[in-house]
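The structure appears below as C-alpha coordinates.
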Amino acid sequence: MKSSFPLFPDSASALSPDVDALFIVWSLISVFFTVLIAGLIIVLMARYRRKHAEEVGANEEMPVWIEILWSVVPLGIMLVMFAWGARVFFQLYRPPADAIEFTAIGKQWMWKIQHPEGQREINAMHVPVGQAIRMKIASEDVIHSFYIPAFRIKQDAVPGRYTSIWFKATKVGTYHLFCAEYCGTEHSRMIGSVIVMEQKDYEVWMAGGTPGKSMVASGADLFTSLACVTCHRASPGVVQRGPKLEGVFGSQVKLADGRTVTADDNYVRESILTPTAKVVAGFDPVMPTFQGQITEEQLTQLIAYVRSLGAGSDAAATAGVAGATGATAAGTPTAAATPAAPTAQPNAGSKPQK
Ligand code: CUA
(Lines give C-alpha, C1' and ligand atoms only; values in the text may rest on other atoms or scores of the structure.)
Protein backbone atom coordinates (compact mmCIF):
# COMPACT_ATOMS: atom_id res chain seq x y z
CA MET A 1 0.00 0.00 0.00
CA LYS A 2 0.95 3.60 -0.42
CA SER A 3 3.18 4.79 2.34
CA SER A 4 4.81 8.16 2.36
CA PHE A 5 8.21 7.02 3.61
CA PRO A 6 8.88 3.43 2.66
CA LEU A 7 12.35 1.98 3.23
CA PHE A 8 11.74 -0.51 0.46
CA PRO A 9 8.91 -0.13 -2.03
CA ASP A 10 6.01 -2.56 -2.19
CA SER A 11 6.39 -5.42 -4.57
CA ALA A 12 3.24 -5.43 -6.66
CA SER A 13 4.00 -6.52 -10.21
CA ALA A 14 4.80 -9.79 -11.91
CA LEU A 15 8.41 -8.78 -12.49
CA SER A 16 9.21 -7.09 -9.20
CA PRO A 17 10.43 -10.33 -7.51
CA ASP A 18 12.91 -10.80 -10.37
CA VAL A 19 14.15 -7.23 -10.12
CA ASP A 20 14.43 -7.54 -6.32
CA ALA A 21 16.35 -10.82 -6.50
CA LEU A 22 18.77 -9.25 -8.93
CA PHE A 23 19.16 -6.17 -6.76
CA ILE A 24 19.70 -8.13 -3.53
CA VAL A 25 22.21 -10.60 -5.00
CA TRP A 26 24.19 -7.81 -6.66
CA SER A 27 24.22 -5.83 -3.43
CA LEU A 28 25.49 -8.88 -1.51
CA ILE A 29 28.21 -9.52 -4.10
CA SER A 30 29.27 -5.86 -3.92
CA VAL A 31 29.31 -5.88 -0.10
CA PHE A 32 31.25 -9.16 -0.04
CA PHE A 33 34.01 -7.87 -2.33
CA THR A 34 34.14 -4.44 -0.69
CA VAL A 35 34.67 -6.06 2.72
CA LEU A 36 37.12 -8.64 1.31
CA ILE A 37 39.28 -6.08 -0.47
CA ALA A 38 39.20 -3.42 2.27
CA GLY A 39 39.88 -6.12 4.90
CA LEU A 40 42.83 -7.52 2.97
CA ILE A 41 44.30 -4.04 2.54
CA ILE A 42 44.16 -3.43 6.30
CA VAL A 43 45.48 -6.90 7.28
CA LEU A 44 48.31 -6.84 4.74
CA MET A 45 49.23 -3.26 5.67
CA ALA A 46 49.65 -4.30 9.30
CA ARG A 47 51.41 -7.54 8.56
CA TYR A 48 53.92 -6.31 6.00
CA ARG A 49 54.55 -2.88 7.44
CA ARG A 50 58.13 -1.58 7.55
CA LYS A 51 59.47 -2.44 10.99
CA HIS A 52 62.92 -0.73 10.90
CA ALA A 53 63.96 2.40 9.09
CA GLU A 54 66.59 0.51 7.01
CA GLU A 55 64.28 -2.35 6.01
CA VAL A 56 64.13 -3.06 2.27
CA GLY A 57 61.19 -4.91 0.70
CA ALA A 58 61.81 -8.48 -0.50
CA ASN A 59 61.30 -9.01 -4.22
CA GLU A 60 58.77 -11.81 -4.05
CA GLU A 61 57.28 -13.42 -7.14
CA MET A 62 53.50 -13.73 -7.20
CA PRO A 63 52.49 -17.35 -7.90
CA VAL A 64 50.79 -17.65 -11.31
CA TRP A 65 47.80 -19.58 -9.97
CA ILE A 66 46.73 -16.73 -7.73
CA GLU A 67 46.77 -14.27 -10.64
CA ILE A 68 44.68 -16.63 -12.73
CA LEU A 69 42.33 -17.21 -9.81
CA TRP A 70 41.63 -13.54 -9.17
CA SER A 71 41.09 -12.87 -12.85
CA VAL A 72 38.93 -15.83 -13.76
CA VAL A 73 36.65 -15.84 -10.71
CA PRO A 74 35.54 -12.19 -11.01
CA LEU A 75 35.18 -12.62 -14.78
CA GLY A 76 32.86 -15.59 -14.19
CA ILE A 77 30.83 -13.61 -11.63
CA MET A 78 30.56 -10.63 -13.98
CA LEU A 79 29.37 -12.80 -16.87
CA VAL A 80 26.69 -14.36 -14.67
CA MET A 81 25.59 -10.86 -13.55
CA PHE A 82 25.49 -9.72 -17.17
CA ALA A 83 23.47 -12.69 -18.42
CA TRP A 84 21.02 -12.51 -15.54
CA GLY A 85 20.62 -8.73 -15.82
CA ALA A 86 20.10 -8.96 -19.57
CA ARG A 87 17.41 -11.58 -19.08
CA VAL A 88 15.46 -9.40 -16.65
CA PHE A 89 15.97 -6.37 -18.91
CA PHE A 90 14.45 -8.17 -21.89
CA GLN A 91 11.51 -9.33 -19.80
CA LEU A 92 10.89 -5.74 -18.70
CA TYR A 93 10.89 -4.40 -22.25
CA ARG A 94 9.04 -7.15 -24.10
CA PRO A 95 5.35 -7.05 -23.35
CA PRO A 96 3.41 -10.30 -23.63
CA ALA A 97 1.10 -10.67 -26.63
CA ASP A 98 -2.08 -10.23 -24.58
CA ALA A 99 -1.02 -6.85 -23.16
CA ILE A 100 -3.50 -4.01 -23.56
CA GLU A 101 -2.18 -0.54 -24.26
CA PHE A 102 -2.48 2.52 -22.07
CA THR A 103 -1.04 5.88 -23.06
CA ALA A 104 0.84 8.15 -20.67
CA ILE A 105 1.75 11.65 -21.77
CA GLY A 106 4.06 13.70 -19.62
CA LYS A 107 3.59 17.44 -19.51
CA GLN A 108 4.93 20.11 -17.18
CA TRP A 109 3.79 19.05 -14.60
CA MET A 110 1.32 16.24 -14.82
CA TRP A 111 0.76 12.77 -16.20
CA LYS A 112 -2.12 12.39 -18.64
CA ILE A 113 -3.32 8.83 -18.88
CA GLN A 114 -5.62 7.41 -21.50
CA HIS A 115 -7.26 3.98 -21.44
CA PRO A 116 -7.74 2.02 -24.67
CA GLU A 117 -11.51 2.49 -24.31
CA GLY A 118 -11.01 6.25 -24.20
CA GLN A 119 -11.25 7.09 -20.49
CA ARG A 120 -8.83 9.77 -19.43
CA GLU A 121 -7.26 10.55 -16.12
CA ILE A 122 -4.78 13.04 -14.81
CA ASN A 123 -2.19 12.01 -12.25
CA ALA A 124 -4.13 8.81 -11.62
CA MET A 125 -4.28 5.50 -13.38
CA HIS A 126 -6.81 2.79 -12.64
CA VAL A 127 -5.72 -0.65 -13.78
CA PRO A 128 -7.10 -4.17 -13.38
CA VAL A 129 -5.06 -6.66 -11.40
CA GLY A 130 -3.50 -9.57 -13.29
CA GLN A 131 -3.73 -7.89 -16.69
CA ALA A 132 -0.56 -7.17 -18.65
CA ILE A 133 -0.50 -3.49 -19.61
CA ARG A 134 1.82 -1.91 -22.11
CA MET A 135 2.43 1.77 -21.53
CA LYS A 136 2.95 3.92 -24.58
CA ILE A 137 4.76 6.97 -23.28
CA ALA A 138 5.23 10.38 -24.86
CA SER A 139 6.01 13.92 -23.75
CA GLU A 140 4.55 17.25 -24.75
CA ASP A 141 7.51 19.34 -23.70
CA VAL A 142 10.67 18.14 -21.96
CA ILE A 143 12.00 14.78 -20.85
CA HIS A 144 10.02 13.22 -18.02
CA SER A 145 10.31 9.73 -16.62
CA PHE A 146 7.37 7.44 -15.89
CA TYR A 147 8.20 5.71 -12.65
CA ILE A 148 6.18 3.25 -10.55
CA PRO A 149 8.49 1.95 -7.81
CA ALA A 150 6.10 -0.78 -6.64
CA PHE A 151 6.13 -2.24 -10.15
CA ARG A 152 9.89 -1.74 -10.57
CA ILE A 153 9.42 0.12 -13.84
CA LYS A 154 10.86 3.40 -15.00
CA GLN A 155 10.84 4.71 -18.55
CA ASP A 156 11.72 8.11 -19.96
CA ALA A 157 9.04 10.14 -21.73
CA VAL A 158 10.97 11.75 -24.58
CA PRO A 159 9.57 14.59 -26.70
CA GLY A 160 9.25 13.62 -30.35
CA ARG A 161 9.02 9.87 -30.00
CA TYR A 162 7.28 7.01 -28.25
CA THR A 163 8.82 4.83 -25.63
CA SER A 164 7.19 1.91 -23.91
CA ILE A 165 7.34 -0.42 -20.97
CA TRP A 166 4.92 -2.94 -19.52
CA PHE A 167 3.77 -4.36 -16.21
CA LYS A 168 1.28 -6.75 -14.75
CA ALA A 169 0.01 -5.67 -11.34
CA THR A 170 -0.29 -8.56 -8.90
CA LYS A 171 -1.66 -6.85 -5.78
CA VAL A 172 -4.72 -4.71 -5.35
CA GLY A 173 -3.87 -1.35 -3.80
CA THR A 174 -2.79 2.22 -4.42
CA TYR A 175 0.78 2.92 -5.39
CA HIS A 176 2.96 5.91 -6.16
CA LEU A 177 3.41 7.24 -9.66
CA PHE A 178 6.39 9.55 -9.96
CA CYS A 179 8.23 11.61 -12.51
CA ALA A 180 11.83 10.54 -12.15
CA GLU A 181 13.55 13.07 -14.38
CA TYR A 182 14.16 16.62 -13.26
CA CYS A 183 11.85 18.54 -15.57
CA GLY A 184 11.48 21.98 -14.07
CA THR A 185 10.25 23.90 -11.05
CA GLU A 186 7.43 21.61 -10.09
CA HIS A 187 9.10 18.32 -10.96
CA SER A 188 8.75 17.11 -7.38
CA ARG A 189 5.00 17.67 -7.55
CA MET A 190 4.55 15.72 -10.77
CA ILE A 191 3.20 12.74 -8.89
CA GLY A 192 0.13 10.59 -8.96
CA SER A 193 -1.45 7.31 -7.98
CA VAL A 194 -1.78 3.95 -9.61
CA ILE A 195 -4.93 2.25 -8.38
CA VAL A 196 -4.91 -1.50 -8.91
CA MET A 197 -8.42 -2.95 -8.79
CA GLU A 198 -10.03 -6.37 -9.00
CA GLN A 199 -11.21 -7.03 -12.53
CA LYS A 200 -14.89 -6.62 -11.61
CA ASP A 201 -14.24 -3.40 -9.68
CA TYR A 202 -12.33 -2.09 -12.65
CA GLU A 203 -15.27 -2.84 -14.91
CA VAL A 204 -17.59 -1.00 -12.53
CA TRP A 205 -15.20 1.94 -12.51
CA MET A 206 -15.03 1.89 -16.29
CA ALA A 207 -18.81 1.75 -16.63
CA GLY A 208 -19.08 4.87 -14.47
CA GLY A 209 -16.40 6.54 -16.53
CA THR A 210 -16.51 8.92 -19.41
CA PRO A 211 -18.97 8.04 -22.11
CA GLY A 212 -15.97 8.92 -24.25
CA LYS A 213 -15.06 7.23 -27.44
CA SER A 214 -12.39 4.59 -27.70
CA MET A 215 -8.96 5.61 -28.90
CA VAL A 216 -9.71 4.02 -32.26
CA ALA A 217 -13.05 5.81 -32.66
CA SER A 218 -11.53 9.18 -31.73
CA GLY A 219 -8.75 8.52 -34.21
CA ALA A 220 -11.26 7.69 -36.92
CA ASP A 221 -12.99 11.02 -36.30
CA LEU A 222 -9.71 12.89 -36.57
CA PHE A 223 -8.92 10.97 -39.75
CA THR A 224 -12.00 12.54 -41.28
CA SER A 225 -11.85 15.99 -39.67
CA LEU A 226 -8.20 16.50 -40.61
CA ALA A 227 -9.08 15.40 -44.14
CA CYS A 228 -6.59 12.52 -44.12
CA VAL A 229 -9.39 10.57 -45.68
CA THR A 230 -9.23 12.50 -48.96
CA CYS A 231 -5.81 11.09 -49.90
CA HIS A 232 -5.51 7.93 -47.86
CA ARG A 233 -8.74 6.26 -48.83
CA ALA A 234 -9.44 4.86 -52.26
CA SER A 235 -12.23 6.59 -54.10
CA PRO A 236 -13.15 5.34 -57.54
CA GLY A 237 -12.03 7.46 -60.47
CA VAL A 238 -9.69 9.61 -58.40
CA VAL A 239 -5.91 9.39 -58.49
CA GLN A 240 -4.70 8.03 -55.17
CA ARG A 241 -2.44 10.73 -53.76
CA GLY A 242 -1.37 8.92 -50.62
CA PRO A 243 -0.98 5.25 -49.79
CA LYS A 244 -3.98 3.40 -48.46
CA LEU A 245 -3.51 2.64 -44.78
CA GLU A 246 -5.37 -0.63 -44.53
CA GLY A 247 -2.98 -3.36 -43.58
CA VAL A 248 -0.03 -0.99 -43.29
CA PHE A 249 0.55 -1.03 -39.56
CA GLY A 250 3.10 -3.62 -38.55
CA SER A 251 4.09 -4.33 -42.16
CA GLN A 252 7.30 -3.58 -44.03
CA VAL A 253 6.97 -0.42 -46.09
CA LYS A 254 9.06 0.26 -49.20
CA LEU A 255 10.22 3.85 -49.40
CA ALA A 256 10.90 6.03 -52.42
CA ASP A 257 14.62 6.09 -51.58
CA GLY A 258 14.83 2.29 -51.63
CA ARG A 259 14.84 1.70 -47.88
CA THR A 260 12.36 -0.54 -46.15
CA VAL A 261 10.97 0.37 -42.74
CA THR A 262 8.60 -1.27 -40.30
CA ALA A 263 5.38 0.67 -39.89
CA ASP A 264 5.32 1.00 -36.11
CA ASP A 265 4.16 3.74 -33.72
CA ASN A 266 7.21 5.90 -34.28
CA TYR A 267 7.02 5.56 -38.08
CA VAL A 268 3.37 6.60 -38.24
CA ARG A 269 4.06 9.44 -35.84
CA GLU A 270 6.92 10.73 -37.98
CA SER A 271 4.85 10.39 -41.13
CA ILE A 272 2.15 12.61 -39.65
CA LEU A 273 4.50 15.26 -38.26
CA THR A 274 7.26 15.13 -40.89
CA PRO A 275 5.65 13.54 -43.95
CA THR A 276 8.66 14.10 -46.19
CA ALA A 277 11.05 12.15 -43.97
CA LYS A 278 10.02 8.73 -45.24
CA VAL A 279 7.99 8.88 -48.44
CA VAL A 280 6.39 5.64 -49.56
CA ALA A 281 7.60 4.31 -52.92
CA GLY A 282 5.33 5.34 -55.76
CA PHE A 283 4.05 8.51 -54.12
CA ASP A 284 5.08 12.15 -54.29
CA PRO A 285 6.02 14.09 -51.13
CA VAL A 286 2.83 16.18 -51.27
CA MET A 287 1.50 15.64 -47.78
CA PRO A 288 1.46 18.72 -45.52
CA THR A 289 2.86 18.49 -42.03
CA PHE A 290 0.52 18.29 -39.08
CA GLN A 291 3.16 19.56 -36.68
CA GLY A 292 1.56 21.98 -34.24
CA GLN A 293 -1.94 21.16 -35.44
CA ILE A 294 -2.63 18.16 -33.30
CA THR A 295 -1.86 17.40 -29.69
CA GLU A 296 0.10 14.44 -28.41
CA GLU A 297 -3.15 12.86 -27.31
CA GLN A 298 -4.73 13.26 -30.73
CA LEU A 299 -1.59 11.78 -32.28
CA THR A 300 -1.91 8.65 -30.17
CA GLN A 301 -5.58 8.40 -31.16
CA LEU A 302 -4.76 8.72 -34.85
CA ILE A 303 -2.08 6.09 -34.51
CA ALA A 304 -4.49 3.79 -32.67
CA TYR A 305 -6.84 4.17 -35.62
CA VAL A 306 -4.15 3.48 -38.23
CA ARG A 307 -3.10 0.47 -36.21
CA SER A 308 -6.67 -0.81 -36.10
CA LEU A 309 -6.61 -0.78 -39.91
CA GLY A 310 -3.44 -2.79 -39.96
CA ALA A 311 -4.07 -5.49 -37.45
CA GLY A 312 -6.40 -7.46 -39.65
CA SER A 313 -9.20 -6.25 -37.40
CA ASP A 314 -12.87 -5.78 -38.15
CA ALA A 315 -12.22 -2.22 -39.25
CA ALA A 316 -9.88 -3.41 -41.98
CA ALA A 317 -12.22 -6.19 -42.99
CA THR A 318 -15.24 -3.95 -43.26
CA ALA A 319 -13.25 -1.42 -45.22
CA GLY A 320 -13.00 -4.22 -47.77
CA VAL A 321 -9.51 -3.26 -48.83
CA ALA A 322 -7.44 -5.19 -46.32
CA GLY A 323 -6.02 -7.27 -49.15
CA ALA A 324 -2.76 -9.12 -49.15
CA THR A 325 -0.86 -6.57 -47.08
CA GLY A 326 -3.41 -6.92 -44.31
CA ALA A 327 -2.63 -10.62 -44.11
CA THR A 328 1.10 -10.06 -43.70
CA ALA A 329 0.52 -7.40 -41.08
CA ALA A 330 -1.54 -9.78 -39.01
CA GLY A 331 1.40 -12.15 -38.83
CA THR A 332 3.85 -9.70 -37.31
CA PRO A 333 4.46 -9.57 -33.57
CA THR A 334 3.50 -5.89 -33.35
CA ALA A 335 0.17 -6.56 -34.92
CA ALA A 336 -0.39 -9.65 -32.81
CA ALA A 337 0.27 -7.65 -29.66
CA THR A 338 -2.45 -5.22 -30.58
CA PRO A 339 -5.46 -5.64 -28.39
CA ALA A 340 -8.68 -6.50 -30.09
CA ALA A 341 -10.56 -3.23 -29.79
CA PRO A 342 -12.27 -3.63 -26.43
CA THR A 343 -15.99 -3.24 -26.34
CA ALA A 344 -16.83 0.41 -26.00
CA GLN A 345 -18.46 1.65 -22.86
CA PRO A 346 -21.72 2.97 -24.17
CA ASN A 347 -23.34 4.25 -21.01
CA ALA A 348 -22.64 7.63 -19.61
CA GLY A 349 -21.91 8.55 -16.02
CA SER A 350 -19.73 10.70 -13.90
CA LYS A 351 -16.33 11.20 -15.39
CA PRO A 352 -13.33 9.73 -13.63
CA GLN A 353 -11.34 12.57 -15.11
CA LYS A 354 -10.27 15.23 -12.67
CU1 CUA B 1 8.27 15.57 -15.13
CU2 CUA B 1 10.03 15.57 -13.52
Name the residues whose placed amide hydrogens come within less than 5 Å of the amide hydrogen of I153, ignoring near sequence neighbours (fewer than 5 apart) on the same chain. I148
Would you be so kind as to identify which of V31, P63, H52 lies farthest towards the positive end of the dipole of the stretch 1-72, taking Lys and Arg as +1 and Asp and Glu as -1 on Cβ and the Cα centre as origin? H52
Relative to the present Cα-Cα distance, how much length would full extension add between N59 and K254 at 0.36 nm per residue of separation? 63.2 nm
Specify the inter-centroid distance of the stretch 48-106 and the stretch 149-199, based on alpha-carbon positions, in whole Å. 30
Determine the share of the stretch 72-141's accessible area contributed by carbon and sulfur atoms, expressed in whole percent, with a 1.4 angstrom probe. 68
Honestly the stretch 97-225 on the Cα gyration tensor test (a ≥ b ≥ c root eigenvalues; a/c under 1.5 rounded, otherwise a/b vs b/c for prolate or oblate) is just oblate
Residues with amide H under 5 Å from that of S139, placed H, sequence gap 5 or more: G106, V158, G160, R161
Given the pairs K136/K200; K244/K278; K107/K278, which span a C-alpha to C-alpha distance of over 22 angstrom in this model? K136/K200; K107/K278
Probe of 1.4 angstrom, ligands and nucleic acids ignored: what's the accessible area per residue over the stretch 72-155, in square angstrom? 39
As an exercise, use a Förster radius of 25 Å and the Cβ-Cβ distance of D221 and L273 to find the FRET efficiency, rounded to the nearest 0.05. 0.85
Using just the alpha carbons, could you tell me how many Å³ per residue the convex hull of the stretch 199-311 encloses? 125
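The values are calculated or read from the model by the stated rules, or taken from the named source; none is laboratory data. All of these numbers come straight from a predicted model, not from anything done at the bench. When we count neighbours, we look across all protein chains shown, and the Cβ atoms used for this are built from the backbone with ideal geometry, even at glycine. Protein only, heavy atoms only, side chains kept; ligands, DNA and RNA dropped before computing areas. Shrake-Rupley method; radii C 1.70, N 1.55, O 1.52, S 1.80 Å.
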